[in-house]
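To start, the structure itself, in structure tokens.
The values are calculated or read from the model by the stated rules, or taken from the named source; none is laboratory data. This is a predicted model, so every value here is computed, not measured. Cβ placement follows ideal geometry from the backbone for every residue including glycine, while neighbour counts extend to all protein chains displayed. Please note that ligands, DNA and RNA were not included when accessible areas were found on the heavy atoms of the full protein model with its side chains. Shrake-Rupley method; radii C 1.70, N 1.55, O 1.52, S 1.80 Å.
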Amino acid sequence: MPEQIVILKPEVMISVKCLFGYEDQAQLQDVKQGADKNDLRRLFSNLYEVNRGIILQYKAQFGDTEAWINMEDDFKIKDDFTQLRIIKSPLYKLNLGNLSPVTSVVFCCDMQERFRPAIKFFNEIVKVASRVLKASEILKIPLVVTEQYPRGLGKTVSDLDISHASVVAEKTKFSMLTPEVEDQLDKLPHVSSVILLGVETHVCVQQTTLDLLARGFEVHVLADATGSRSLTDRHVAYERLRRAGAIITTCETVLLQFVGDKNHEHFKAIQNLIKDLPPDTGLQRETMNIKVFVSFLCFLLPCQAGKDDYDKESYPRKDGVLLLDTHNFVAAMYKYKFVLVFCYGRNQESTKAEIEVAKIAKKLQDTESIVHVGKINIEKEYEIDRKYPVTRVPLLRLFKNGKTYDYTGKFNAEDALVWLDLAMNIPLQINLSSELKSLQDKVTVVLACFPGKSPKKAYETFNLVSENFVYDEYMPLPRFAMITSATVARNLGVTPGSVSVLQKFEDGLKIVYDGDTSNFDQLMKFVNEESRPVVYKHHMTEYGLKIIHETRTFQHLLFMSSDDRNYAQTWQNFKKAAKDFKKQPENQEVCFVHVDLKHHEKNKQHLNFFHIDEKKDLPCNRITKVDSYHSRFLPARKDFSYEGFVKFTKDCVQGYLKRYVRSENVPSDWDKYDVKVLVGKNYEDFVDDKKRTVFMMYCKSRSVYSASIPKLAKVLNVHWKISLPE
């Protein structure tokens, strides 16, 4: 430290000279004696307009050496000259848009009633904004709300719950950074990221973003929760803010960044917020118009090469294959609902695969398939690789109504076409009873009977359902099949005009659809519900992957052998409980599983996990929860009735039951001495009490504990005068 300079006597000193440095600048300032770290942070902010992502340091003397030291939280200016500086935090520089609820704040800008008729897609933007505000309350993220001249423009719309807002500030300036908001930010020195939503994008949102960026904040502008009267103004504002350093993102992206892991304690609550697709807030239309226009400009010049290479919508083709790139890819996926995309690179395998792709394209053209074939150099078009990550090339990827499915088999035309037929689920024609029997033995069958393809509307609706059916990658794919011959229908005893599901997972049980066969939504709902089991059978290997990858919080397991005399009725009760739970959105976090112990010895290993005694406890049911404890729950008593299954499940989901802990009984004198004796049953209640700090010694057995007593007693008696139990 430089030689000390005494300006006034300590007893009358009111200020101290300090040198404030930042990068290649330095300013000498008078600082009040006793000024703390927050005071100095504000002074730096006033001098250099930066206060986020920085580290405050002071110069200290160590013998003959001087060094810069990071400022402690309790640092105060004393009575001597001090050199101070700020440096950019390396962690701040490497943040790269990562978000944490702890370091974030949500800004809601002027979402007022009078703007509703003027702002395009206002109602839809409010719905998305509502998700963000609910998430901020769940995750305890501070919420800041502003209202532009509320006496004339009204209060924040009633659709948005702002009751948990830290501040609701009135304003007349366009930027949200009013004195009240500035004061609120000063109270949140740990915050480095702002999630911004509201209106209008090109006025108040834009000016707020620029002001926040100037103050060192990282700003995430939610494109689907901001709007303007003009889509042009809105788009231009996004582009300007992106260039200024803001991150243009979406509601779902931000909310999933906040939780970061399916094991996060609030993941289910956030998942429920985004379970339904967000409404169209104008982005899709706006993006499509821009991309299609850019695509048109890109292909305008080369179209002289020959009309055969271009279709009338200006998507280039070669040998029947769409030539895709960054500019036309999204527009092509939007236009053509079913596209088989060949992702290739510069390796030798891609060159060989291209020959097979040409064969696939020709076959699909010859059969007048509704599937288009396209190709894209994924190594060159890296923007598409970022949006739809490709882990290997060459790769065949089917885009089916916005969903993607990757082909993982051998790269040849014949095998790929078989896979494509399965993935598209085009109905198979049934001409013989043996064909249907063979199909039933392999998979669940969705069977329609329309002799002579009549009635036409119902026939077309069934085909549309099969094309749009989205399968679960972890579950067996049901096969759609159709009977169009009256003779075959009569021989098989199938009613003309009917649709049914032959459930392989229920030993071929036939469920007949009793609704309108020409109603797409109703028929799709029926197929989705009946082609998948409501209870997974653990011993059925085809459902093993689904159980492993199950994302629901709770699993209700029934341990019962299928040859048990009460099995038939119990199974029906268990299925009915599962089906009724599935119908209620708030209860869809429960997965029902049957563990059949009859012929499946490997299923018995699960008994140990639940501490089930094979002789005393079976049959029984248990519930497990996906949490840090892998919690297990036991019903108060055995009750295999429908009501019993429902009550046990509801009590677990609603938190009425305590998790089961295998434990010895709590000693009667556990609380008698200064050192408490804990076992499984009283451990959590004691240790999780936030009012106490607990120093724990863990012992495998009483003998180990007894052997440790002398050493522990010596330490505790010497330092804390604590007595030990015998």
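Descriptive notes on the structure:
- Gain on full stretching of the segment that runs from residue 650 to residue 487 - 0.36 nm per residue minus C-alpha separation: 53.6 nm
- Calculated FRET efficiency, residue 39 to residue 658, Cβ-Cβ distance, R0 = 51 Å: about 0.55 to the nearest 0.05.
- Cβ-Cβ FRET estimate between residue 272 and residue 50, R0 fixed at 51 Å, reported to 0.05: 0.80
- A protection proxy built from the mean count of other Cβ atoms within 10 Å ranks the segments 249-262, 101-114, most packed first, as 101-114, 249-262.
- Gain in span if fully extended, residue 158 to residue 382, counting 0.36 nm per residue against the direct Cα distance: 76.3 nm
- Amide H contacts for residue 372 (H built 1.01 Å from N in the peptide plane; partners 5 or more residues away or on another chain; cut-off under 5 Å): 338, 339, 340.
- Packing-based order for 131-143, 215-227, using average beta carbon neighbours within 10 Å, highest first: 215-227, 131-143
- Short-range pairs are left out: with C-alpha atoms under 8 Å and at least six residues apart, the relative contact order of the stretch 455-529 is 37 percent.
- Peptides 151-158, 366-373, 530-537 ranked from most to least packed give 530-537, 366-373, 151-158, packing being the mean of other C-beta atoms within 10 angstrom over each peptide's residues.
- Per residue accessible area of the stretch 113-196, 1.4 Å probe, in Å²: 46 Å²
- Per residue solvent-accessible surface (Å²) - the stretch 310-427, probe of 1.4 Å: 53 Å²
- For a label point 7 Å along the Cα-to-beta-carbon line of residue 335, residues of the stretch 373-397 with backbone N under 13 Å: 373-374
- As a fraction of the 1.4 Å probe accessible area of the stretch 204-285, surface on carbon and sulfur atoms comes out at 49 percent.
- If R0 is 45 Å, the Cβ-Cβ spacing of residue 370 and residue 239 corresponds to a FRET efficiency of close to 0.80.
- Cα-projected label distance for residue 598 with residue 432, points at 7 Å along beta-carbon direction, nm: 3.2 nm
- Convex hull volume of the stretch 177-235 per residue (C-alpha atoms, cubic angstrom): 79 Å³
- Simple spin-label estimate for residue 453 and residue 404 in nanometres, 7 Å along Cα-Cβ: 3.5 nm
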